[in-house]
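Everything on this sheet refers to the single structure shown next.
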Amino acid sequence: MQRPPSTDRDPVTDTLHGTTITDPYRWLEADDDAVAEWENAQNAYTDDIVATPQRDSLHTRLSAVADHASYQVPVAAGGRYFQRIEAADADQPRLTVRKNCDDDPRTLVDPAALGETTALQWFVPSSDGECVVYGLTEAGTEQYDLRVCRASDGTVVDEIADVGRCGDMMVAWKDSGFYHLRTGSADEGGQLEKALWFHEVGGESWEVTDDIPTTHWPWVYVERETGVTVVAMGELGADVNLYALVDSELAPVLTDGDATFHPLVHDGRVYLRTNHDAPRFRVLAIDAADFADADGLSDFETVVPESEDVVADIAPAGDGLGVHRLRNASSVVSVHDGDGRERYELDFPKYAGIPRDSFSGSRNTAELLFALEGFDRPTSVIHADVGTDAGPDDWQVQQSPDLPDNLDPHGELDLTTDRLWVESADGTSVPVYVVHRSDVDPEDAPTVLYGYGGFRIPLLPNLDPYRLPFLADGGVFALACLRGGLEFGEAWHEAGSCDRKENTFADFEAAAEALVDRGYTTSERLAAWGGSNGGLTVGAALTRRPELFGAVVCTVPLLDMLRFHQLLLGEAWTGEYGSPEDAAAFDRLRSYSPYHSVAAVEYPATLFVTAAGDTRVHPAHARKMTARVQAKTTGDAPICYRSYDESGHGVGTPTSLEVTQELDKWAFVYRTLNVAAD
């Protein structure tokens, strides 16, 4: 087999907390001509590896499952419904609006008219529904320009260029303008330099405050009747503090507790989803007019108490609330009055999942709007009537994708789902979902094990259309709900973060062992797959247990855990991992850092994937790890690297490029696991 390109060593030695660390590939952290030449050679090598006999067939089938309309959850405001919809023949979603749920959507903004690499990634309508501000990004960089258009005809009435890393939770309308975050640019390393601004539509902008810690991010909420402005501030996956914005000053409200607070301002009240004295979360409330003067938590009342379920999200529903709960790593929704009294629970299919940031409702009418999916259920938009006379069955699919019949779980592709409980190294029971064709009794089958485990992000039942050809060809897909997520509340998260991060890796390895021990597959036919924090998970699995896997797909990963805090957004993640600047945390990070754990052993076939436009996780992680594993492995399995231009951490990727990216990954899996394509 062709050998990968060689990589020059140019060692750099650091002394950290008395320990000497030598980094032979520090030069790959640069973005210069030498690195570009290295990437070109690596991409050419990977081209040869993924040029499999099944590639053409896979391309046809992956293109077919991508060729459908997709629907984001509508946002109700001022008697209108705003929604991003991607047509079957489009590369990016467009922003649409309609007056009634059953009306045909009218296009407000089509990013295809703005440029080939332009994406409209998020939007925030004004409370009266007359205007909407939206964020435009280029080539997946997550660096945004803001525009404001009228809902009546889509006319652009204002724009703000180069606000940096901003998002819908960092924008809030008030009167005739809106608050928004402004950061430095990624190119200049300034994404952690932040300030909150206010922009008067058609008028001036001014800085409100820059009193924002480097590692923290502000989320802004305005109560539409009183104008009370709530600012939540915290690190990703770490504790969140609350402030009232009063005369351009951040007045502390709840800042002393070791807890997280996620606000919802609705119907004259401020609701808080919190884990304070409630590891599975509860919901508190206070009148908005009293929020700024609250004297600690004693001034808040509990409206939804903690239960065996995890409160994952809350949404307005007329004068009541919808509550998204997690029950054994599956989604349920309960409907409540404004005072928290539970009325009923929606009747869902078994093993249902509501994706992150996909649970919404209306402040004016008694309805909930959310996405619902499952391992055999494509992501659909759900409308639930939660009025006075409504009940558990009063929800319906409003929009759903049309998949090719032979790859449609509601058509010819009959799938079955099992939920296994596997014992991790310390005896903890971890749920693992296993999906395959109903007419196949898996035995030594090609299997993909997916994991994440971090930042309070739960993995729930879901359907990625790109995995459907693999399932149709007799493959098994397994999803492990690892510690570090939120599947079982804050204790589950804490058990997989900071000084207990290695529990995440042990859970993933236990899931892999169970799939082998129970006969689903063999180590030679088992692939580990993960991205971002999940890339760290599978990178750790690669170096800790290389004999357990036949292949590894490691995308946009964190891998150098001694320098992650010095690259792009890494400093903002020290609350999740600990900081290498701290001696105790350094020792922990050094013990599992995949880049520093590479040894002279036989590694399985591995594909490291990154993107030039990634402004979250630096491509250097994947570059350096590729070079080190290629140099150290004692086996012949291919160690590959793939980088994409015009793409980032996954945000705003055009569908046509998404198909190419998925094709490379699945062609790699088909080759290394010896999968026969249909």
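Results, tabulated for the structure shown:
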| read-out | value |
| --- | --- |
| ARG9, sole failed condition from (1) basic (Lys, Arg); (2) farther than 26 Å from ALA637 by Cβ; (3) touching a Pro at 6+ places or on another chain (Cβ under 6 Å) | (2) |
| Hey, ALA172 over 23 Å from the mean Cα position of the chain (by Cα), outside the structural domain of ALA30 (by TED's automatic domain parsing), modelled with pLDDT of 95 or more and not in a loop (DSSP other than H, G, I, E, B) or not | no |
| Single residue of LEU479, LEU460 found to be modelled with pLDDT of 95 or more, aliphatic (A, V, I, L, M) and outside any strand (DSSP E or B) | LEU460 |
| Residue that is farthest from GLY652 (Cα to Cα) [pool: residues in segment 79-92 that are surrounded by 19 or more Cβ atoms within 10 Å (Cβ to Cβ) and out of contact with any helix residue (DSSP H, G or I) (no Cβ under 8 Å at 6 or more places or on another chain)] | ARG80 |
| Sole exception among (1) under 15 Å from PRO431 (Cα atoms); (2) within 20 Å of the chain's Cα centre (by Cα) for ALA512, by number | (2) |
| Among residues of segment 627-650, those that are in contact with a helix residue (DSSP H, G or I) (Cβ under 8 Å, 6 or more places away or on another chain), of a type in the set (Val, Ile, Thr) and either closer than 10 Å to PRO4 by Cα or part of a loop (DSSP other than H, G, I, E, B) (or both), counted | 1 |
| Answer residue from segment 202-212, given it is of a type outside the set (Gly, Ala, Ser) and over 31 Å from the mean Cα position of the chain (by Cα) and is surrounded by the fewest Cβ atoms within 10 Å (Cβ to Cβ) among those | GLU204 |
| Subset tally (residues that are of a type in the set (A, V, I, L, M) and assigned to a loop (DSSP other than H, G, I, E, B)) for segment 185-200 | 2 |
| Subset tally (residues that are surrounded by fewer than 19 Cβ atoms within 10 Å (Cβ to Cβ) and in contact with a Cys (Cβ under 9 Å, 6 or more places away or on another chain)) for segment 109-166 | 5 |
| Those residues of segment 121-153 which are closer than 16 Å to GLU646 by Cβ and not small (Gly, Ala, Ser), in sequence order | GLN121, LEU136, THR137, GLU138, THR141, GLU142, GLN143 |
| VAL73 vs. criteria β-branched (Val, Ile, Thr), under 28 Å from TYR644 (Cα atoms) and modelled with pLDDT of 95 or more | no |
| Which listed residue, of ALA329, ALA294, ALA317, is farther than 21 Å from ARG356 by Cβ and of a type in the set (A, V, I, L, M, F, W, C) | ALA294 |
| Segment 131-160, residues that are within 22 Å of the chain's Cα centre (by Cα) and in a loop (DSSP other than H, G, I, E, B) | ALA139, GLY140, THR141, GLU142, GLN143 |
| Search result, residues across segment 36-70 that are under 30 Å from ASP357 (Cβ atoms), of a type outside the set (A, V, I, L, M, F, W, C) and buried (at least 21 other Cβ atoms within 10 Å of the Cβ) | ARG61 |
| Residue satisfying all of: in segment 328-354; surrounded by fewer than 16 Cβ atoms within 10 Å (Cβ to Cβ) and either aliphatic (A, V, I, L, M) or part of a loop (DSSP other than H, G, I, E, B) (or both); nearest to the chain's Cα centre (by Cα) among these | ASN328 |
| Checklist (1) farther than 21 Å from ARG363 by Cα; (2) in contact (Cβ under 8 Å) with a residue 24 or more places away in the chain; (3) more than 20 Å from the chain's Cα centre (by Cα) applied to SER127, failing item | (1) |
| Selection status of ASP128, assigned to a loop (DSSP other than H, G, I, E, B) and either among the β-branched types (Val, Ile, Thr) or out of contact with any Pro (no Cβ under 6 Å at 6 or more places or on another chain) (or both) | yes |
| Subset of segment 410-423 (residues that are surrounded by fewer than 19 Cβ atoms within 10 Å (Cβ to Cβ), in contact with a helix residue (DSSP H, G or I) (Cβ under 9 Å, 6 or more places away or on another chain) and part of a loop (DSSP other than H, G, I, E, B)) | GLY411, GLU412 |
| Pairs where the first residue, in segment 152-171, is more than 15 Å from GLU193 (Cα to Cα) and the second is among the acidic types (Asp, Glu), C-beta under 6 Å, 6+ apart | ALA161/ASP145 |
| Scope segment 84-103; condition touching a residue at least 24 places away in the same chain (Cβ under 8 Å) and polar (S, T, N, Q); matching residues | GLN92 |
| When residues of segment 357-392 are limited to those that are in contact with a Pro (Cβ under 8 Å, 6 or more places away or on another chain) and assigned to a loop (DSSP other than H, G, I, E, B), the one surrounded by the fewest Cβ atoms within 10 Å (Cβ to Cβ) | ARG363 |
| Check on LEU515, in contact with a strand residue (DSSP E or B) (Cβ under 7 Å, 6 or more places away or on another chain), in a helix (DSSP H, G or I) and at pLDDT 95 or above | yes |
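The values are calculated or read from the model by the stated rules, or taken from the named source; none is laboratory data. Note that the structure is a prediction, hence the values are computed from the model and not measured. A quick note on method: Cβ atoms are made from the backbone with ideal geometry, for glycine too, and the neighbour counts reach across all protein chains shown.
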